[in-house]
1. Suppose we filter region 61-92 for residues that are of a type in the set (A, V, I, L, M) and within 25 Å of Arg205 (Cβ to Cβ); how many remain?
2. Can Ser301 be described as modelled with pLDDT under 85 and open to solvent by less than 20 Å² (accessible area, probe 1.4 Å)?
3. Among the listed residues Ala96, Ala59, identify the single one that is among the hydrophobic types (A, V, I, L, M, F, W, C), open to solvent by less than 70 Å² (accessible area, probe 1.4 Å) and touching a residue at least 24 places away in the same chain (Cβ under 8 Å).
4. Can you name every residue in region 319-336 that is within 12 Å of the chain's Cα centre (by Cα) and outside any strand (DSSP E or B)?
5. Within the bounds of region 82-89, is there any residue that is aromatic (Phe, Trp, Tyr), exposed (fewer than 12 other Cβ atoms within 10 Å of the Cβ) and within 19 Å of Pro145 (Cβ to Cβ)?
6. Looking only at region 137-153, filter to residues that are in contact (Cβ under 8 Å) with a residue 12 or more places away in the chain and not aliphatic (A, V, I, L, M); which one of those is surrounded by the fewest Cβ atoms within 10 Å (Cβ to Cβ)?
7. Of these, Ile247, Ile277, Ile282, Ile316, which one is open to solvent by 30 Å² or more (accessible area, probe 1.4 Å), part of a helix (DSSP H, G or I) and closer than 20 Å to Thr349 by Cβ?
8. Could you check how many residues of region 36-56 are open to solvent by 30 Å² or more (accessible area, probe 1.4 Å) and either modelled with pLDDT under 75 or part of a helix (DSSP H, G or I) (or both)?
Amino acid sequence: MVGVLASTAAHIHQGGGGDDDEEARQTSVAIFIVGTVIGMLVKIWSFMGQRGRMQLLLALLLEMRRRYQRDSRGARPRAQSNGVTLFYILQVNAVAAALAWSVQPLISGADRRLPLPAWLPFDATASPYYEAVYAGQALSLLLVPQISLCLNICYFALMLHLAAELAILRDNVAVVGWRRPSKEAALHDERHAVDREFAAAPENRLLEDNVRHHQLIIRAVSELEQIMSTSVYIHLFVNMINVCSHIFVISVVLLETDEMAVVVSTASSLAVFLSGIALYCIIGHTIIDQSEQLPEAVYSSGWTGADASFRRTVSILMVRASQPLSITVGKMRVLSKPTFVQVLNGSYTLFNFLYRTQSDKERKS
């Protein structure tokens, strides 16, 4: 990352090379690379600085798994499976984008052009320097995105597991409580009436366990929010700019040139940035969805025939569950589907501004 950042920044400082159109395109790509790498460095720094909170969050998840093992619908294995599936999908997406950028100079037929713009203290177009630098840049395109990918999948997995805990709590709280027997059962048990006070004790304990489970989930979501706040906010901001710049590059290349290799490589990296934004918002929205279903599950419990202590605990849980849990990044943006739409609107606004500026320049010239 340091090597890529240094050589690309030096390229910007030196002013690139070649004709005006090629120099402008190389400079725009260099600015994109520098911004992306700086965002990744901040993301890594933020992640490493939250080590204590991460350990606490994992301890809370392990405690919930140990204390509340009932999972009638398999929410935990499903969250694990979804995380693994996302990992492989993102790996394929990132590797495809890296390969597209790596082979772009070869397909476009450019004379000894490197995959990434870089300034080097020697002639990089002469053999064997060209082959060595080309191989190094291709390797960097494969390895550097893995850093961001691994951090992203870590956050995705934690959000999926917290959503699974909310689903387990919803299912468990819906089955507790006193439910009056049916008429047939009542006739069958006329001579053996059920002692309600005796039956209420274990139900109260089950409800108290669910309340403690909910408290642990609230604490875990708060810890995850603190961990993700800075890094994910910067990730969304950088990706919003990258989406805008990639759409702009694709539109300009399609209108002015016929370099389909540039279009394919840019479109492949555009898919990476769009998926990064979408997955954070969609998975974050699952936590909101699951927590919004919790009050209905509490109301579905058998509180109507329960004792006063049970009904009092249900009312307290209802009040707390009426406030949906969510993850807010940067103290401003809630990870949700509306946020995804807002980020796309921001990208379109920037694209519209750049496109109008470019059109005005061409009209004046």
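1. Of the residues in region 61-92, the ones of a type in the set (A, V, I, L, M) are 61-62, 64, 75, 79, 84, 86, 89-90, 92.
Now narrow it down to the ones that are within 25 Å of Arg205 (Cβ to Cβ): 61-62, 64, 75.
Residues that pass the stated criteria total 4.
2. Details: modelled with pLDDT under 85: yes; open to solvent by less than 20 Å² (accessible area, probe 1.4 Å): yes.
Yes, satisfied.
3. Values: Ala59 fails: touching a residue at least 24 places away in the same chain (Cβ under 8 Å).
Residue meeting the stated conditions: Ala96.
4. Ile327, Leu335, Ser336
5. yes
6. Applying the first criterion (in contact (Cβ under 8 Å) with a residue 12 or more places away in the chain) to region 137-153 yields 137-138, 140-142, 144-149, 151-153.
Remaining after also requiring not aliphatic (A, V, I, L, M): 137, 140, 145-146, 148, 152.
Details: Gln137: 22, Ser140: 18, Pro145: 21, Gln146: 14, Ser148: 22, Asn152: 22.
Once the filter is applied, the top-ranked residue is Gln146.
7. Details: Ile277 fails: open to solvent by 30 Å² or more (accessible area, probe 1.4 Å); Ile282 fails: closer than 20 Å to Thr349 by Cβ; Ile316 fails: closer than 20 Å to Thr349 by Cβ.
Selected residue: Ile247, the only one of Ile247, Ile277, Ile282, Ile316 that is open to solvent by 30 Å² or more (accessible area, probe 1.4 Å), part of a helix (DSSP H, G or I) and closer than 20 Å to Thr349 by Cβ.
8. From region 36-56, those open to solvent by 30 Å² or more (accessible area, probe 1.4 Å) are 38, 41-42, 44-45, 47-53, 55-56; that's our starting set.
After this cut, where a residue has to be either modelled with pLDDT under 75 or part of a helix (DSSP H, G or I) (or both) as well, the list is 38, 41-42, 44-45, 47-49, 51-53, 55-56.
Matching residues across region 36-56 total 13.
The values are calculated or read from the model by the stated rules, or taken from the named source; none is laboratory data. These figures come from a predicted structure and were not determined experimentally. Neighbour counts run over all protein chains shown; Cβ positions are idealised from the backbone, glycine included. Please note that ligands, DNA and RNA were not included when accessible areas were found on the heavy atoms of the full protein model with its side chains. Shrake-Rupley method; radii C 1.70, N 1.55, O 1.52, S 1.80 Å.
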